[in-house]
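The values are calculated or read from the model by the stated rules, or taken from the named source; none is laboratory data. Not measured: the values here are computed from a predicted model. Here the Cβ is made from the backbone with ideal geometry for all residues, glycine too, and neighbour counts use every protein chain on show.
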Amino acid sequence: GSLWVNEVAPRTHNSGHHTIEGNVCSQFEQHLRAVLNLPLGDTSPLHPASAMLNLIGAPDAHGTPVYEGLKEVLALPNVHVHLYGKSTVKPHRKMGHVTVTGPDVTSVQRDVLKLRNRMRVSGSKSS
């Protein structure tokens with residue numbers, strides 16, 4: 001038999017970033033525990049529902065990042081903003097993510113849709 005490997009990436013994955021606020025033991029802590037041969041942590045949810053929205057550079061974004069709608073988003077309850085501190089934005093570049101937690105899937109989905117319409121990562125060409 002043969003084994004074909006497409007990618008080896010011994011790291012956490014973007015799709016699990018919501019575990020930072022959503023679970024007792026985040027994917028980051030769990031990864032370290034596994035690599036260090038420590039007992040794995042409790043992955044129980046801290047909230048009935050959580051979801052994550054990536055903050056991606058707009059198609060026309062170039063230069064210094066401008067986080068449009070950030071103040072409004074930070075004022076919302078159960079919203080956790082993670083900006084990655086990148087000094088330059090480019091079209092479709094991941095600049096951060098936002099995690100939303102809540103009492104049920106329906107309300108979290110509603111809040112994620114609000115965020116998607118309120119926040120945009122554009123760029124300022126002047127540095």
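Return the total of residues in segment 32-62 being of a type outside the set (A, V, I, L, M, F, W, C) and touching a Pro at 6+ places or on another chain (Cβ under 8 Å).
7
Right, Glu29: closer than 26 Å to Arg11 by Cβ, acidic (Asp, Glu) and in contact (Cβ under 8 Å) with a residue 12 or more places away in the chain or not?
Against the criterion (closer than 26 Å to Arg11 by Cβ, acidic (Asp, Glu) and in contact (Cβ under 8 Å) with a residue 12 or more places away in the chain), Glu29 qualifies.
Which one of these is closer than 21 Å to Tyr84 by Cβ and modelled with pLDDT of 95 or more: Gly69, Gly41, Gly16, Gly22?
Gly69
If I go through segment 10-46 residue by residue, how many of them are over 18 Å from the mean Cα position of the chain (by Cα) and of a type in the set (A, V, I, L, M)?
6
Can you tell me how many residues within segment 4-25 are surrounded by 13 or more Cβ atoms within 10 Å (Cβ to Cβ) and in a helix (DSSP H, G or I)?
Of the residues in segment 4-25, 5 are surrounded by 13 or more Cβ atoms within 10 Å (Cβ to Cβ) and in a helix (DSSP H, G or I).
I'm checking my understanding of the structure. Among residues of segment 26-72 that are surrounded by fewer than 17 Cβ atoms within 10 Å (Cβ to Cβ), touching a Leu at 6+ places or on another chain (Cβ under 9 Å) and not small (Gly, Ala, Ser), which one is nearest to Lys114 (Cα to Cα)?
Restricting to residues being surrounded by fewer than 17 Cβ atoms within 10 Å (Cβ to Cβ), touching a Leu at 6+ places or on another chain (Cβ under 9 Å) and not small (Gly, Ala, Ser), the top hit is Leu32.
With the requirement that a residue be closer than 30 Å to Lys125 by Cα and either small (Gly, Ala, Ser) or in contact with a strand residue (DSSP E or B) (Cβ under 7 Å, 6 or more places away or on another chain) (or both), what does segment 18-62 give you?
Residues satisfying the conditions are Met52, Leu53, Asn54, Leu55, Ile56, Gly57, Ala58, Ala61, His62.
Here's the yes/no breakdown for (1) closer than 16 Å to Gly16 by Cα; (2) over 13 Å from the mean Cα position of the chain (by Cα); (3) not charged (D, E, K, R):
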position: Ile56; (1), (2), (3): no, no, yes
position: Asp60; (1), (2), (3): no, yes, no
position: Gly63; (1), (2), (3): no, yes, yes
position: Gly69; (1), (2), (3): no, yes, yes
position: Lys90; (1), (2), (3): no, yes, no
position: Gln109; (1), (2), (3): no, yes, yes
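What's the total number of residues in segment 93-112 that are in contact with a Leu (Cβ under 9 Å, 6 or more places away or on another chain) and either free of Cβ contacts under 8 Å to residues at least 24 places away in the same chain or not hydroxyl-bearing (Ser, Thr, Tyr) (or both)?
Here the count works out to 8.
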